[in-house]
Amino acid sequence: MKLPFPLAEEPDDLSREVGRKLFAGEVEFLKGVVAMSGLPPDERIEVCFAGRSNVGKSSLINAITGRKALARASNTPGRTQEINYFTLGDERYLVDLPGYGYANAPVAVVEKWQALLKQYLSGRASLRRAFVLVDSRHGIKPVDEEIMTLLDRSAVTFQVVLTKADKIKPSEYDRLLDQVRGKLSKHPAAYPELVLTSSDKGDGIATLRSIIAGIG
(Lines give C-alpha, C1' and ligand atoms only; values in the text may rest on other atoms or scores of the structure.)
Protein backbone atom coordinates (compact mmCIF):
# COMPACT_ATOMS: atom_id res chain seq x y z
CA MET A 1 0.00 0.00 0.00
CA LYS A 2 1.43 3.36 -1.05
CA LEU A 3 1.42 5.94 1.71
CA PRO A 4 -0.29 9.25 0.98
CA PHE A 5 2.11 12.18 0.90
CA PRO A 6 5.34 10.20 0.64
CA LEU A 7 8.68 11.81 1.36
CA ALA A 8 10.28 13.25 -1.77
CA GLU A 9 13.01 11.01 -3.10
CA GLU A 10 16.58 12.13 -3.55
CA PRO A 11 16.94 13.70 -7.02
CA ASP A 12 18.78 11.80 -9.73
CA ASP A 13 22.14 13.18 -10.89
CA LEU A 14 20.64 15.24 -13.71
CA SER A 15 17.92 16.83 -11.57
CA ARG A 16 20.42 17.49 -8.80
CA GLU A 17 22.74 19.29 -11.21
CA VAL A 18 19.92 21.38 -12.71
CA GLY A 19 18.92 22.46 -9.22
CA ARG A 20 22.51 23.17 -8.20
CA LYS A 21 23.14 25.32 -11.28
CA LEU A 22 19.95 27.32 -10.77
CA PHE A 23 20.94 28.31 -7.25
CA ALA A 24 24.64 28.69 -8.09
CA GLY A 25 23.63 31.46 -10.49
CA GLU A 26 22.48 34.93 -9.56
CA VAL A 27 20.15 35.18 -6.58
CA GLU A 28 19.63 38.83 -5.72
CA PHE A 29 17.35 40.75 -3.39
CA LEU A 30 14.96 42.76 -5.54
CA LYS A 31 12.63 44.58 -3.16
CA GLY A 32 10.55 44.42 -0.01
CA VAL A 33 6.85 44.96 -0.56
CA VAL A 34 4.43 46.39 2.01
CA ALA A 35 1.33 46.66 -0.23
CA MET A 36 -0.05 44.75 -3.21
CA SER A 37 0.56 47.82 -5.39
CA GLY A 38 4.29 47.36 -4.83
CA LEU A 39 4.50 43.85 -6.31
CA PRO A 40 6.74 43.52 -9.38
CA PRO A 41 5.08 42.64 -12.72
CA ASP A 42 3.96 38.99 -12.76
CA GLU A 43 6.19 38.14 -15.72
CA ARG A 44 8.21 35.42 -14.00
CA ILE A 45 7.42 32.09 -12.40
CA GLU A 46 7.13 32.59 -8.64
CA VAL A 47 7.54 30.22 -5.75
CA CYS A 48 6.99 31.45 -2.22
CA PHE A 49 7.96 30.33 1.26
CA ALA A 50 5.41 30.69 4.05
CA GLY A 51 5.56 29.55 7.64
CA ARG A 52 4.95 30.35 11.26
CA SER A 53 7.27 32.82 12.89
CA ASN A 54 10.46 31.08 14.03
CA VAL A 55 9.88 28.01 11.83
CA GLY A 56 13.37 28.42 10.34
CA LYS A 57 12.30 30.02 7.05
CA SER A 58 15.20 32.47 6.72
CA SER A 59 17.73 29.76 7.55
CA LEU A 60 16.21 27.44 4.93
CA ILE A 61 16.23 30.14 2.23
CA ASN A 62 19.87 30.89 3.06
CA ALA A 63 20.68 27.17 2.87
CA ILE A 64 19.05 26.51 -0.52
CA THR A 65 20.58 29.64 -2.05
CA GLY A 66 23.98 29.01 -0.50
CA ARG A 67 24.08 32.59 0.81
CA LYS A 68 24.62 33.03 4.52
CA ALA A 69 22.70 36.28 4.91
CA LEU A 70 20.36 36.54 1.93
CA ALA A 71 17.29 36.22 4.16
CA ARG A 72 17.63 37.76 7.58
CA ALA A 73 17.59 35.10 10.26
CA SER A 74 16.61 36.43 13.64
CA ASN A 75 15.93 35.15 17.14
CA THR A 76 12.98 37.55 17.23
CA PRO A 77 9.93 35.88 15.65
CA GLY A 78 8.03 38.08 13.24
CA ARG A 79 10.94 40.28 12.21
CA THR A 80 10.12 39.92 8.51
CA GLN A 81 7.17 42.24 7.99
CA GLU A 82 7.38 42.58 4.22
CA ILE A 83 6.99 40.34 1.19
CA ASN A 84 10.62 40.02 0.14
CA TYR A 85 11.33 39.35 -3.53
CA PHE A 86 14.51 37.73 -4.79
CA THR A 87 15.41 37.15 -8.42
CA LEU A 88 16.36 33.54 -9.13
CA GLY A 89 18.14 33.40 -12.46
CA ASP A 90 16.42 35.12 -15.38
CA GLU A 91 13.00 33.47 -15.19
CA ARG A 92 12.00 33.05 -11.55
CA TYR A 93 11.22 34.92 -8.37
CA LEU A 94 11.78 33.42 -4.95
CA VAL A 95 9.42 35.10 -2.48
CA ASP A 96 9.89 35.21 1.29
CA LEU A 97 6.55 35.88 3.00
CA PRO A 98 6.00 37.40 6.45
CA GLY A 99 5.90 34.87 9.24
CA TYR A 100 2.39 34.18 10.48
CA GLY A 101 1.10 33.22 13.88
CA TYR A 102 2.79 34.57 16.99
CA ALA A 103 4.86 37.69 16.45
CA ASN A 104 6.46 40.01 18.98
CA ALA A 105 5.00 43.18 17.51
CA PRO A 106 2.04 45.54 18.09
CA VAL A 107 -1.31 43.99 17.20
CA ALA A 108 -2.07 46.61 14.54
CA VAL A 109 1.22 45.90 12.78
CA VAL A 110 0.64 42.14 12.89
CA GLU A 111 -2.86 42.54 11.45
CA LYS A 112 -1.57 44.73 8.63
CA TRP A 113 1.05 42.29 7.40
CA GLN A 114 -1.18 39.26 7.92
CA ALA A 115 -3.75 40.93 5.66
CA LEU A 116 -1.03 41.53 3.06
CA LEU A 117 0.01 37.87 3.27
CA LYS A 118 -3.56 36.72 2.61
CA GLN A 119 -4.01 39.18 -0.28
CA TYR A 120 -0.84 37.92 -1.91
CA LEU A 121 -1.66 34.23 -1.54
CA SER A 122 -5.15 34.67 -2.97
CA GLY A 123 -4.35 37.03 -5.81
CA ARG A 124 -0.98 36.40 -7.45
CA ALA A 125 -1.45 34.84 -10.90
CA SER A 126 2.24 33.99 -11.44
CA LEU A 127 2.54 32.02 -8.17
CA ARG A 128 3.16 28.41 -9.16
CA ARG A 129 3.70 26.84 -5.77
CA ALA A 130 3.69 27.84 -2.12
CA PHE A 131 6.08 25.97 0.13
CA VAL A 132 4.47 25.85 3.58
CA LEU A 133 7.14 25.28 6.21
CA VAL A 134 6.23 23.18 9.24
CA ASP A 135 8.51 22.70 12.25
CA SER A 136 9.24 18.98 12.63
CA ARG A 137 9.12 19.32 16.41
CA HIS A 138 5.51 20.53 16.41
CA GLY A 139 3.80 19.28 13.26
CA ILE A 140 0.90 21.12 11.63
CA LYS A 141 -0.81 23.61 13.96
CA PRO A 142 -4.22 25.29 13.55
CA VAL A 143 -2.60 28.49 12.27
CA ASP A 144 -0.90 26.46 9.51
CA GLU A 145 -4.24 24.98 8.55
CA GLU A 146 -5.72 28.47 8.20
CA ILE A 147 -3.12 29.27 5.55
CA MET A 148 -3.63 25.89 3.87
CA THR A 149 -7.39 26.50 3.71
CA LEU A 150 -6.75 29.91 2.13
CA LEU A 151 -4.54 28.21 -0.47
CA ASP A 152 -7.26 25.61 -1.12
CA ARG A 153 -9.80 28.37 -1.77
CA SER A 154 -7.36 30.23 -4.01
CA ALA A 155 -6.47 27.05 -5.94
CA VAL A 156 -2.77 27.59 -5.20
CA THR A 157 -0.80 24.36 -5.01
CA PHE A 158 1.19 24.14 -1.79
CA GLN A 159 3.84 21.68 -0.68
CA VAL A 160 4.76 21.06 2.95
CA VAL A 161 8.45 21.32 3.83
CA LEU A 162 9.32 19.94 7.26
CA THR A 163 12.09 22.02 8.85
CA LYS A 164 14.54 21.29 11.67
CA ALA A 165 14.40 17.54 11.05
CA ASP A 166 17.69 17.16 12.93
CA LYS A 167 15.97 18.38 16.10
CA ILE A 168 13.80 15.28 16.53
CA LYS A 169 14.74 11.66 17.17
CA PRO A 170 14.40 9.10 14.34
CA SER A 171 11.86 7.29 16.54
CA GLU A 172 9.61 10.37 16.36
CA TYR A 173 9.45 10.52 12.55
CA ASP A 174 6.51 8.14 12.21
CA ARG A 175 4.38 10.10 14.68
CA LEU A 176 5.23 13.36 12.90
CA LEU A 177 4.47 11.98 9.44
CA ASP A 178 1.20 10.41 10.58
CA GLN A 179 0.04 13.75 11.98
CA VAL A 180 1.06 15.71 8.88
CA ARG A 181 -0.46 13.22 6.45
CA GLY A 182 -3.71 13.16 8.39
CA LYS A 183 -4.00 16.95 8.30
CA LEU A 184 -3.06 17.25 4.62
CA SER A 185 -5.63 14.69 3.53
CA LYS A 186 -8.28 17.38 4.08
CA HIS A 187 -6.62 19.93 1.78
CA PRO A 188 -7.23 19.56 -1.97
CA ALA A 189 -4.48 22.04 -2.92
CA ALA A 190 -1.77 20.04 -1.09
CA TYR A 191 0.94 18.68 -3.39
CA PRO A 192 1.19 14.93 -2.70
CA GLU A 193 4.80 14.87 -1.54
CA LEU A 194 6.65 16.02 1.59
CA VAL A 195 10.18 17.38 1.86
CA LEU A 196 12.15 16.71 5.05
CA THR A 197 14.91 19.28 5.63
CA SER A 198 17.58 20.44 8.01
CA SER A 199 19.26 23.77 7.29
CA ASP A 200 22.04 22.96 9.76
CA LYS A 201 22.83 19.49 8.39
CA GLY A 202 21.98 20.16 4.73
CA ASP A 203 19.36 17.40 4.60
CA GLY A 204 16.80 17.82 1.82
CA ILE A 205 18.45 20.93 0.36
CA ALA A 206 19.39 19.33 -2.98
CA THR A 207 15.90 17.82 -3.18
CA LEU A 208 14.22 21.18 -2.63
CA ARG A 209 16.48 22.88 -5.18
CA SER A 210 15.63 20.29 -7.84
CA ILE A 211 11.90 20.59 -7.10
CA ILE A 212 12.00 24.36 -7.55
CA ALA A 213 14.09 24.05 -10.73
CA GLY A 214 11.50 21.66 -12.16
CA ILE A 215 8.51 23.97 -11.62
CA GLY A 216 7.49 25.53 -14.94
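The values are calculated or read from the model by the stated rules, or taken from the named source; none is laboratory data. Being a predicted model, the structure only gives us computed values, none of them experimental. Here the Cβ positions follow ideal geometry from the backbone for every residue, glycine too, while neighbour counts run over all protein chains shown. Side chains included, ligands, DNA and RNA excluded: accessible areas come from the protein's heavy atoms. Shrake-Rupley method; radii C 1.70, N 1.55, O 1.52, S 1.80 Å.
Screening residue 174 with (1) free of Cβ contacts under 8 Å to residues at least 12 places away in the same chain; (2) not in a helix (DSSP H, G or I) gives one miss only, at (2). Scan region 17-64 for residues that are part of a strand (DSSP E or B) and open to solvent by less than 10 Å² (accessible area, probe 1.4 Å) and the total you get is 8.
Evaluation of residue 44 against the conditions (1) modelled with pLDDT under 95; (2) within 17 Å of residue 127 (Cβ to Cβ) shows that the sole unmet condition is (1). Each residue in region 18-53 was checked for being of a type outside the set (Phe, Trp, Tyr) and touching a helix residue (DSSP H, G or I) at 6+ places or on another chain (Cβ under 9 Å), and 18 pass.
Would you call residue 150 touching a Ser or Thr at 6+ places or on another chain (Cβ under 7 Å), over 22 Å from residue 7 (Cβ atoms) and among the aliphatic types (A, V, I, L, M)? Yes, satisfied.
Give the residue, chosen from 110, 132, 180, 95, that is assigned to a helix (DSSP H, G or I), under 17 Å from the mean Cα position of the chain (by Cα) and of a type in the set (Val, Ile, Thr).
Just one listed residue meets the conditions, 180.
Residue pairs whose Cβ atoms lie under 9 Å apart, separated by 6 or more positions or on different chains, with the first residue in region 82-99 and closer than 12 Å to residue 27 by Cβ and aliphatic (A, V, I, L, M) and the second assigned to a loop (DSSP other than H, G, I, E, B) and open to solvent by 20 Å² or more (accessible area, probe 1.4 Å), are 88/25; 88/26; 88/44. Checking 211, 140 one by one, the residue that is part of a helix (DSSP H, G or I) and touching a strand residue (DSSP E or B) at 6+ places or on another chain (Cβ under 9 Å) is 211 and no other. Output the number of residues of region 106-123 satisfying the condition of being of a type in the set (Phe, Trp, Tyr) and open to solvent by 30 Å² or more (accessible area, probe 1.4 Å). The qualifying residues number 0.
Selection within region 157-216: residues that are among the small types (Gly, Ala, Ser) and more than 27 Å from residue 23 (Cβ to Cβ). The member of this set that is surrounded by the fewest Cβ atoms within 10 Å (Cβ to Cβ) is 171.
Of all residues in region 124-156, those satisfying the criterion of being open to solvent by less than 50 Å² (accessible area, probe 1.4 Å), of a type in the set (Gly, Ala, Ser) and within 23 Å of residue 93 (Cβ to Cβ) are 126, 130, 154.
The listed residues are 64, 140, and the only one of them that is modelled with pLDDT of 95 or more and farther than 18 Å from residue 215 by Cα turns out to be 140.
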